[in-house]
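The structure under discussion appears below in the form of structure tokens.
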Amino acid sequence: MAGGVRPLRGLSALCRVLLFLSQFCILSGGEQSQALAQSIKDPGPTRTFTVVPRAAESTEIPPYVMKCPSNGLCSRLPADCIDCTTNFSCIYGKPVTFDCAVKPSVTCVDQDFKSQKNFIINMTCRFCWQLPETDYECTNSTSCMTVSCPRQRYPANCTVRDHVHCLGNRTFPKMLYCNWTGGYKWSTALALSITLGGFGADRFYLGQWREGLGKLFSFGGLGIWTLIDVLLIGVGYVGPADGSLYI
């Protein structure tokens, strides 16, 4: 009897161990399923990624290329088309040579019509503001009197011409004498003063309507005013009312 009880006890203990293990597996599986369900319901904070496209390569043509003749002589390129290594310690008024290189997108050739990037340019040692008046262009002013004593000046901005090379800034300020015209002709004013000056036609033509009315109603100052105006217009002392010069 005792020998039969022992196997039963061992079998009973084995069943308990198996039951404990099965319950443990069930509980652990339930916790994992709950955690998985919770992660599905609450995925947590989302992260967004922004894809930055690559910048396209610039294909725009530089503005200075429009001034640069293609396949021309490098030594005759405008100043805006080249970069030169200048030396401000040169002697004023003396010939000097500088090493230059063409800017990107500019093509030029040498005397043998071979492509060239680096070359030497010959010029006179002087600053741009020291150039002759024929080598630069300046803005005009129509608000100053050209016929005045002393002669009036006005501030102007001057720019060196493209084919001229010089040292320093190619745009510079300069004080110039008033020298502009409103389209009045000296020959027309003199002809009107001789023929119809007694009626004030010359003064009306020059825009001086008050003097014109005075001559009209006084018959040219009985001829005296007419003769005086012929002399004054002839020597250029009387000019247009807007202060401009004759053509």
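The values are calculated or read from the model by the stated rules, or taken from the named source; none is laboratory data. Since the structure is predicted, the reported quantities are computational estimates derived from the model, not experimental observations. All Cβ positions, even for glycine, are placed from backbone atoms using ideal geometry, and neighbour counts span all protein chains on display. Note: areas computed on protein heavy atoms with side chains; ligands, DNA, RNA excluded. Shrake-Rupley method; radii C 1.70, N 1.55, O 1.52, S 1.80 Å.
Which of (1) closer than 17 Å to residue 183 by Cα; (2) open to solvent by less than 80 Å² (accessible area, probe 1.4 Å) is the odd one out, the single condition residue 204 does not satisfy?
Exception for residue 204: condition (2).
What number of residues in the stretch 148-185 are within 30 Å of residue 85 (Cβ to Cβ), part of a loop (DSSP other than H, G, I, E, B) and of a type in the set (D, E, K, R)?
3
Sort out which residues of the stretch 176-197 are open to solvent by 40 Å² or more (accessible area, probe 1.4 Å), modelled with pLDDT under 90 and hydrophobic (A, V, I, L, M, F, W, C), and write them in order of number.
Hit for the stretch 176-197 is 186, nothing else.
I'd like the full set of residues that are among the aliphatic types (A, V, I, L, M), assigned to a loop (DSSP other than H, G, I, E, B) and open to solvent by 30 Å² or more (accessible area, probe 1.4 Å), limited to the stretch 64-95.
Here is the first cut: in the stretch 64-95, the residues among the aliphatic types (A, V, I, L, M) are 65-66, 73, 77, 79, 82, 91.
Within this subset, residues satisfying the condition of being assigned to a loop (DSSP other than H, G, I, E, B) are 77, 91.
Correct list: 91 only.
Please state which one of 214, 243, 168 is among the small types (Gly, Ala, Ser) and in the same structural domain as residue 134 (by the TED database).
168
When the stretch 126-139 is examined, which residues are found to be surrounded by 14 or more Cβ atoms within 10 Å (Cβ to Cβ) and over 18 Å from residue 95 (Cβ atoms)?
Listed by number, the residues that qualify are 129, 136, 138.
Scan the stretch 116-125 for residues that are surrounded by 11 or more Cβ atoms within 10 Å (Cβ to Cβ) and not in a loop (DSSP other than H, G, I, E, B) and jot them down.
119, 120, 121, 123, 124
Return yes or no: is residue 228 in contact with a helix residue (DSSP H, G or I) (Cβ under 7 Å, 6 or more places away or on another chain), surrounded by 15 or more Cβ atoms within 10 Å (Cβ to Cβ) and part of a helix (DSSP H, G or I)? Let's see the steps before the verdict.
Working: in contact with a helix residue (DSSP H, G or I) (Cβ under 7 Å, 6 or more places away or on another chain): no; surrounded by 15 or more Cβ atoms within 10 Å (Cβ to Cβ): yes; part of a helix (DSSP H, G or I): yes.
Taking the combined requirement at face value, the residue does not satisfy it.
Restricting the search to the stretch 140-165, which residues are open to solvent by 20 Å² or more (accessible area, probe 1.4 Å), in contact with a strand residue (DSSP E or B) (Cβ under 7 Å, 6 or more places away or on another chain) and in contact (Cβ under 8 Å) with a residue 60 or more places away in the chain?
If the condition is that a residue be open to solvent by 20 Å² or more (accessible area, probe 1.4 Å), in contact with a strand residue (DSSP E or B) (Cβ under 7 Å, 6 or more places away or on another chain) and in contact (Cβ under 8 Å) with a residue 60 or more places away in the chain, then 165 is the only one that fits.
Of these, 88, 127, which one is farther than 30 Å from residue 244 by Cα, more than 25 Å from the chain's Cα centre (by Cα) and of a type in the set (Phe, Trp, Tyr)?
Residue meeting the stated conditions: 88.
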